[in-house]
Amino acid sequence: MSASACSLARDVERDCGVAPAEMPRAAYLLAENVAAFAKDPQASLAAIGRWLREGSDPGEIPFRPTRILMQDTAGVAALADLAALRDRAARIGLAPETIDSALPIDLVIDHSVTVEHSGRPGALALNMAAEMSRNAERYQFFKWAEQAFRNLRVVPPGEGICHQINLENLARLAVPLPDGRGAVCGSVIGTDSHTTMINALGIIGWGVGGMEAELAALDQPLALGAHRLTRVVLTGQRQAGVAAADLALAVTRTLRQADVTAEFVEFGGPALDALSLPDRAAIANMAPEYGAFCGLFPVDEATLHYLRQMGRTADELALYEAYARETGLWRSADERRFWQREIVIDLSEVGLSMAGPSRPDEFVKLGDVPGRLAAGGGGPHHVAIAAITSCTNTANPASMIAAGLVARAARRRGLDVPEHVKTSLAPGSRRIARLLAASGLQDDLDALGFNVAGFGCTTCVGNSGELAPSAQDLRQGGGALCAVLSGNRNFEGRIHPDIGSNWLASPALVVVAALAGRLDMDLSDSVIAHDDNGAPVRLVDLWPDDAKIEDTLMTTEAALSGPAARERNPEWEALAAPGGTCFPWDTDSLVLQPPPFFDEAECGLADLSGARILLALGDAVTTDQISPVGRIMPDSPAARLIEKRSGRRVFGTYGGHRANHDIMVRGTFAHTHIENRLAPGRGPMTALETGEVTDIFTAASRYREGGVPTVVLAGARYGMGSARDWAAKGTRMLGVKAVLATGFERIHRANLIGAGVVPIQVPAQLATESAVSPWSTVSVSGLAGMDGLGHAVRVRLETPGHPPIDCVGVCRIETPSELQQIRAGGVFALTAARLARTTGARMG
């Protein structure tokens, strides 16, 4: 393909009336996708041009990604849905194999390894063996699916984290079109919100719920709205010793404060000169934490250097550079594009930092951490978990080298980690493990207990294993427990149910915190420990300078370079799996059950009268709180079901049961730290109109049995966090008809619509009404007649003994496709209807 005609840039410019170099990169990539894949692209492209020039609404923008990325806990639910759709196709007379993915799907098994063993040689092998044993049934399903669906490729456990593998191995900046018209961006959607990490390469991609991924797999275009196009200018020279994590956390704080929710964010500015591709990846990875649709970077020499290092061929690199220059994706010094707002962030102001105690945007200078802890309650704050984990920072060679150099300095001074600190290291890819081994720094990390415990998400998704007995002793004695991790999320209760605060930090600071053993001290200046000679050791004695990090990288660069070689996994290879086009479900399985959604889909919208409030929640409710991924607590509704059906009292995690709807619905709102104003204290409880306090599942079941509709009340930023669609599926299965909140996060809003639950934005007066009680009722009029976007409804909240509250709510339906979904009762009802029409057409 010639460098002068390797893209659709001329088509885009002709039909949009805007030169690619004048278009925000996200806008160009959307327009290019329309030009490549839409049936009649001219009208949509003209509308995009008017949107950029005049600010007019272009309407729904159809988007077809070139591929889909999945991780295993979300992927198992999506594949189970597709398997169930095959069963339905067979029942109505269609060939099951007509249900298949039109797009390539890469499923990376990374969310299931748990840190059961740590701080010892052989921890990796022990954890992998436990993972394979615990998840054998689910992994057999993946092996069946790989042979049943022609476009599915499974990356076995033990290879790394999906986003890092995507960045290093799978991503393609430009993909030639089969008709020879040129190349398009290798766009991707993923069933994990941190899919935005790929934006560091200049590739458009974002996280979606499993339902949206299923629609894309079934050859349906995604329907995008015209979200604001925001440029973030990065200026200033980063301070010495500042890691990518510090920068990413500072950017997250600033952009969350600027409210970039659902916006197309693009980074630029002179500070990019000093940001490596992995540095950019850490910032892009955090896009869901600052709320954006994406966090896109331009393409430049740093991009090509990284791809070259990762083993891309000379021909691929030549195509990528020519494509980026022709399309305007290439970075230039003085850009003038049709951005709709601009935010400037001075990176020179960022120093060593953490984020906590329970939100990624709670940026705290390192020296201010003790004060933040003291504000939340006195007493000692002991570090119970110190985990170098997560794709966000373990993908960064410089950050990992820095952690190893801190460990080396500590080892030379004879320092040890206190016994109450559980240490672990889980690199996001085998490349990083090779780097640490080649530099000799893994030996130093091992000496402090940071032995490799797995290649997967581990502690970042709550697979932290049990705490050290001495840590539990400290908690019983009145001390508070903390976790410090190099992750991207620190929501309350996420890392471990017995840990009160979770702090995000760079890998090197994780090592420092482990050595200190506590956080209620100024790690930037206080004595962290004493060496063998009794001399005090401070941060300055351990912290490596930038030149040392760079020198170490230069001497070990070969460990990173070249195409990735997959490690053999004999246990995976030996795992038997069924064949055939339809999956042979086992009715006694606790792990895999055919989803009921296509058969039980409820159609149509109806007004609500006398609906009961199932939960009355506050601001920033996370999808972790709505649908936990971590351990199933004893005596919870899910645990009681498992014990009843199996007789065992080992319950596992909700993430391990994503393909069993009976367990997952019982896990909806089952978070131990959720605060419901209808019930005393914290936990997954509510009160019925009788005054009885019971668990959420039992209450919802009684309302459903009595034919009583329910709603959820909440504040701002409802649905923060992950892309997990079970947070919406479970809400629907509980019988909730609508969520009334003052604001919604992007992915969860779309997931609610896909599940058939109406997201209604209401004034704070209603959502936070203090007098709300188990006797309150909600009525919503106007739902039945919903016929447009942003449809207004009348909402009334009535509480005995208090005057009623009347207000106007806005149904957050933003595209015609979303309107079609919600009117049909959700994605599953719509898909079932389309399948029935296909059968009717063939019979006709």
For this session: Would you mind listing how long region 387-429 runs along its three principal axes, going by Cα atoms, in whole Å with the largest first?
Result: 29, 22, 12
Exercise. What part of the accessible area of the chain, given as a whole %, is carbon or sulfur when the probe is 1.4 angstrom?
Worked result: 50 percent
Exercise. If you take the charge dipole of the chain about its Cα centre, with +1 on Lys and Arg Cβ and -1 on Asp and Glu Cβ, which of P288, P360, L515 is farthest toward its positive end?
Worked result: P288
Problem set entry | About the Cα centre, charge dipole magnitude for region 314-373 (Lys/Arg +1, Asp/Glu -1 at Cβ), debye | 280 debye
Problem set entry | Furthest towards positive pole of dipole, G478, V736, A374, structure part the chain, Cβ charges | V736
For this session: List the relative contact order of the chain as a percent without decimals, with contacts defined as Cα pairs under 8 Å and 6+ residues apart.
Result: 13 percent
Seminar exercise, completed: Taking only the Cα positions of region 697-844, the convex hull volume per residue in Å³ is 131 Å³
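Consider all pairwise Cα distances in region 613-724 and report the whole-number % of them above 18 Å.
Numbers: 3086 of 6216 pairs.
When every Cα pair of region 613-724 is considered, 50 percent fall beyond 18 Å.
More than 23 Å apart: what percent of Cα pairs in region 10-108 qualify? Display every interim value, and only then the final one.
On the way: 2294 of 4851 pairs.
Across region 10-108, Cα pairs with separations above 23 Å total 47 percent.
Keeping every protein chain present and rolling a 1.4 Å probe, give me the accessible area per residue for the chain in Å². Working shown, then result.
Values: 28470 Å² over 844 residues.
Per-residue accessible area for the chain comes out at 34 Å².
Sorted by packing (mean other beta-carbon atoms within 10 Å per residue), highest first, where do 221-231, 72-82, 444-454 land? Show your work: numbers first, answer last.
Numbers: 221-231: 19.8, 72-82: 27.2, 444-454: 24.1.
Packing order, densest peptide first, comes out as 72-82, 444-454, 221-231.
What value does region 393-509 have for Rg/Rh, both radii from Cα atoms and Rh as Kirkwood defines it? Don't skip to the end; give the middle numbers.
Working: Rg = 14.3 Å, Rh = 14.8 Å.
Radius of gyration relative to Kirkwood radius: 0.97.
Under a Cβ-only charge scheme (Lys and Arg +1, Asp and Glu -1), can you give me the dipole magnitude of region 790-838 about the Cα centre, in debye to the nearest 20?
Details: 6 positive and 4 negative charges, 52 e Å.
For region 790-838, the charge dipole is close to 240 debye.
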Exercise. Among 562-572, 83-93, 648-658, what's the highest-first ranking by average C-beta atoms within 10 angstrom per residue?
Worked result: 648-658, 83-93, 562-572
For this session: Would you mind counting up the charge near P680? Only other residues with Cβ under 15 Å from its Cβ, with Lys and Arg at +1 and Asp and Glu at -1.
Result: -1
Exercise. Remind me, what semi-axes does the chain give for its equivalent ellipsoid, largest first in whole Å, using sqrt of 5 times each Cα gyration tensor eigenvalue?
Worked result: 38, 34, 27
Exercise. Which of A659, F697, G604 sits farthest toward the positive end of the charge dipole of region 588-740, with +1 on the Cβ of Lys and Arg and -1 on the Cβ of Asp and Glu?
Worked result: A659
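Note down the magnitude of the dipole of the chain about its Cα centre, charges +1 on Lys and Arg C-beta and -1 on Asp and Glu C-beta and zero elsewhere, to the nearest 20 debye.
On the way: 78 positive and 95 negative charges, 264 e Å.
Computed charge dipole of the chain: roughly 1260 debye.
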Problem set entry | Amide proton proximity set for A174, modelled H, under 5 Å, gap of 5+ | G186
Exercise. Rounded, prolate or oblate: which fits region 269-351 when a ≥ b ≥ c are the square roots of the eigenvalues of the alpha-carbon gyration tensor, with rounded for a/c under 1.5 and prolate only if a/b beats b/c?
Worked result: prolate
For this session: Note down the Stokes-Einstein diffusion coefficient of region 763-806 in µm²/s, whole number, using a Kirkwood radius over alpha carbon pairs, 25 °C, and 0.890 mPa s.
Result: 212 µm²/s
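Taking only the C-alpha atoms, wrap a convex hull around region 528-567 and report its volume per residue in Å³ as a whole number. Numbers along the way, then the final one.
Details: hull volume 5.5 nm³, N = 40.
For region 528-567, the hull spanned by Cα atoms encloses 138 Å³ per residue.
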Problem set entry | Per-q log10 I(q)/I(0), region 586-668, q = 0.11, 0.18, 0.21, 0.25 Å⁻¹ (Debye; single scatterer per alpha-carbon; no solvent) | -0.41, -0.91, -1.05, -1.20
Exercise. Using the Kirkwood formula over every pair of different C-alpha atoms, what hydrodynamic radius in Å results for region 471-568?
Worked result: 16.5 Å
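Give me the percent relative contact order of region 503-651, please, defined on Cα pairs under 8 angstrom at least 6 residues apart. All intermediate terms of the calculation are to be shown ahead of the outcome.
Working: 58 pairs, mean separation 11.5, N = 149.
Averaging sequence separation for qualifying contacts and normalising by length gives 8 percent for region 503-651.
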Exercise. So who's got an amide H within less than 5 Å of the one on R538, skipping anything under 5 residues away but keeping other chains? H placed 1.01 Å off N, in plane.
Worked result: I528
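Using alpha-carbon pairs under 8 Å, 6+ residues apart, how would you state the relative contact order of region 690-844 in percent?
Numbers: 252 pairs, mean separation 30.4, N = 155.
Relative contact order, region 690-844: 20 percent.
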Exercise. Where does each of 616-626, 127-137, 575-585 land if you order them by average Cβ count within 10 Å, highest first?
Worked result: 616-626, 127-137, 575-585
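Kirkwood hydrodynamic radius (Cα pairs, Å) of region 318-442? Could the numbers behind the result be given before it?
Details: mean 1/r = 0.0528 Å⁻¹.
By the Kirkwood definition, the hydrodynamic radius is 18.9 Å.
Given the rule -39500 (n - 2.57) for each run of at least 4 DSSP H residues, summed and divided by the residues of the chain, what is its mean residue ellipticity at 222 nm, to the nearest 500 deg cm²/dmol?
Working: 32 runs with 302 residues, N = 844.
My calculation for the chain gives -10500 deg cm²/dmol from helical runs alone.
The values are calculated or read from the model by the stated rules, or taken from the named source; none is laboratory data. Bear in mind that the values here come from a model prediction, so they are computed numbers and not experimental data. Cβ atoms come from the backbone with ideal geometry, glycine included; neighbour counts cover every protein chain shown. The protein model used for the area step is the full one, side chains on, heavy atoms only, and it has no ligands, DNA or RNA in it. Shrake-Rupley method; radii C 1.70, N 1.55, O 1.52, S 1.80 Å.
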